[in-house]
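Below you'll find the structure, written out as structure tokens, and then a few comments.
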Amino acid sequence: MNKQLSEGPELRLLGTSYRFAGLVEREEVIARGYDAVDELREGSEAFLLITCNRVEFYYISDRDLFPDALRGHEGVMYRKAGADAFIHLAKVASGLDSFVPGEEGIMHQITGELRAQEREARIGRLSQIIRQAVSVARAFRATEKIRGDEIVNLLVGKALERVSRRERAAIVGSGRTAKLAYRGLSGKFREVYVVSKRGLMPGEFPGARVIRLEELNSRLGDFDFILSATNTEVNRYLITGEGSRPRPDALLLDISVPRTVSPAIKGHTEVWDMDDAVRLVNGSFKGLEDEEARLAALAMPAYIRAKYRKLSPELSSFGEAVERIIDKEVKEATKHIRAGESSGEVMKKLARRVVNKALAYVYMAPADEGELLKRLELLRLLLEGISRDEVA
């Protein structure tokens, strides 16, 4: 395993997504994912996250690691560390980083996988850090409405331009993307079916006909359009054409990764996969920079707490002492402002007193130069978090 030295234990991320790699290469990374995460676990806690559009490895280390299992894919992998990795994970959990923004299933995927790894005692302090990122995402989702319908509407619109016969359509899946697609297809076809692995809740797809996944391959010829937005394993195709063939003039839109439609069907019927969907959507919508900035401001204080309580437990008492100083001085400043003193002068005094007292703690008998540098870095993070909170 290749290692690149850095400073101190950090939350680190190695991953790829639809923005960096094509469909086939992402499937290859998924297939090697479990071997890769086992390599990372040899010297660290590690967590593997596989969703429809990303494969990510989160781990704690004082250095960047690259598993041998992923050799040949270096060019499509991104790396993040520290606050950048934490904020990215919060973005992923919130659905901000999804191809269809706002996808809520990812948060449940993360927490479900965490519980499984905790039961196997394969993850400890990393679990707590990931849970903090999920908590940030949950708090963000409680106050923000993330729109994703524009992307789904565009894809459905492109599909409708291609499909000439509009008798029956089928949607494979029951998540948010499937629900948005159902809205776009309702009224455009005489009948719209939902194909689900689970039973549907009342009102999820009002007016839809429902068939079981096991029935789908025997009824492929009934549909003029099939949209698949569900999950499977690499090379375990859900739509195979073995029971019946799709109509030659039909269209299959498979926005699942790994693919759910067998490549064998492409020789008979037109199939659009995730690469096609990305090309169709690319450049059509503005980014979510404002939402991402608000999420980052919310995530930064949580990262600071995780940094010194989980990653650097030896600095925990120091960090808590600095927080007590800040809290006490803020309360004192508030009293002076309420008493009628100039807020500008009070804030100047507050800043001087906090920094002077915090620096006194920084220089109070550090064990060595390394601990001194860590204390200074922690103080910088604490003050940076405060300033971000004020700006936000």
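The values are calculated or read from the model by the stated rules, or taken from the named source; none is laboratory data. Remember, it's a predicted structure, so these values are computed and weren't measured experimentally. Reconstructed Cβ throughout: ideal geometry from the backbone, glycine too, with neighbour counts over all protein chains shown.
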ALA229 passes all but one of the listed conditions (1) at positive phi; (2) surrounded by 13 or more Cβ atoms within 10 Å (Cβ to Cβ); (3) small (Gly, Ala, Ser); the exception is number (1)
Residue satisfying all of: in the range 252-306; surrounded by fewer than 18 Cβ atoms within 10 Å (Cβ to Cβ) and of a type in the set (Asp, Glu); farthest from the chain's Cα centre (by Cα) among these: GLU270
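Which one of these is surrounded by fewer than 18 Cβ atoms within 10 Å (Cβ to Cβ), modelled with pLDDT of 75 or more, over 26 Å from LEU11 (Cβ atoms) and over 30 Å from the mean Cα position of the chain (by Cα): ARG324, ARG338?
On the way: ARG324 fails: over 26 Å from LEU11 (Cβ atoms).
The conditions single out ARG338.
Considering the range 57-79 alone, what residues qualify as being of a type in the set (Lys, Arg) and farther than 13 Å from PRO9 by Cα?
Start the filter on the range 57-79 by keeping residues that are of a type in the set (Lys, Arg), which leaves 63, 71, 79.
Passing the criteria: ARG71, ARG79.
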Complete set of residues in the range 255-296 that are of a type outside the set (A, V, I, L, M), over 21 Å from VAL92 (Cα atoms) and assigned to a helix (DSSP H, G or I): PRO263, LYS266, GLY267, ASP276, ARG279
Conditions (1) among the hydroxyl-bearing types (Ser, Thr, Tyr); (2) in contact with a Lys or Arg (Cβ under 9 Å, 6 or more places away or on another chain); (3) touching a residue at least 60 places away in the same chain (Cβ under 8 Å); number of the one not met by SER244: (3)
Which condition number in (1) at pLDDT below 95; (2) touching an Asp or Glu at 6+ places or on another chain (Cβ under 7 Å) is the one that LEU200 fails? (2)
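Can you give me the number of residues within the range 191-206 that are out of contact with any Phe, Trp or Tyr (no Cβ under 7 Å at 6 or more places or on another chain) and aromatic (Phe, Trp, Tyr)?
Narrowing the range 191-206 to residues out of contact with any Phe, Trp or Tyr (no Cβ under 7 Å at 6 or more places or on another chain): 191, 193, 195-204, 206.
Next, from what is left, pick out any that are aromatic (Phe, Trp, Tyr): 193.
Number of matching residues: 1.
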Taking the range 226-244 only, how many residues are more than 23 Å from SER98 (Cβ to Cβ) and either in contact with a helix residue (DSSP H, G or I) (Cβ under 6 Å, 6 or more places away or on another chain) or assigned to a helix (DSSP H, G or I) (or both)? 5
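In the range 46-72, which residues are in a loop (DSSP other than H, G, I, E, B) and surrounded by 20 or more Cβ atoms within 10 Å (Cβ to Cβ)? Spell out how you get there, then give the answer.
Initial filter on the range 46-72 (in a loop (DSSP other than H, G, I, E, B)): 52-53, 67, 71-72.
Scanning the range 46-72 gives CYS52, ASN53, PRO67.
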Could you count how many residues in the range 245-276 are in contact with a helix residue (DSSP H, G or I) (Cβ under 8 Å, 6 or more places away or on another chain) and not hydrophobic (A, V, I, L, M, F, W, C)? 10
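For the range 101-144, give me the residue count where each residue is in a loop (DSSP other than H, G, I, E, B) and in contact (Cβ under 8 Å) with a residue 24 or more places away in the chain. Walk me through it before giving the result.
In the first step, residues of the range 101-144 are kept if they are in a loop (DSSP other than H, G, I, E, B); the result is 101-104, 120-124, 144.
Subsequent filtering for residues that are in contact (Cβ under 8 Å) with a residue 24 or more places away in the chain retains 101-104, 122-124, 144.
Adding up the residues that qualify gives 8.
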Return yes or no: is LYS331 of a type in the set (Lys, Arg) and touching a helix residue (DSSP H, G or I) at 6+ places or on another chain (Cβ under 9 Å)? no
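Could we say that VAL29 is at pLDDT 95 or above, β-branched (Val, Ile, Thr) and part of a helix (DSSP H, G or I) here?
Here the answer is yes, as VAL29 does meet what is asked.
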Among the residues listed as ALA365, ALA306, the single one being outside the structural domain of ALA83 (by TED's automatic domain parsing), at pLDDT below 70 and among the aliphatic types (A, V, I, L, M): ALA365
Would you check if there is a residue in the range 153-167 being loosely packed, with under 14 Cβ neighbours inside 10 Å, assigned by TED's automatic domain parsing to the domain that holds GLU270 and of a type in the set (A, V, I, L, M)? no
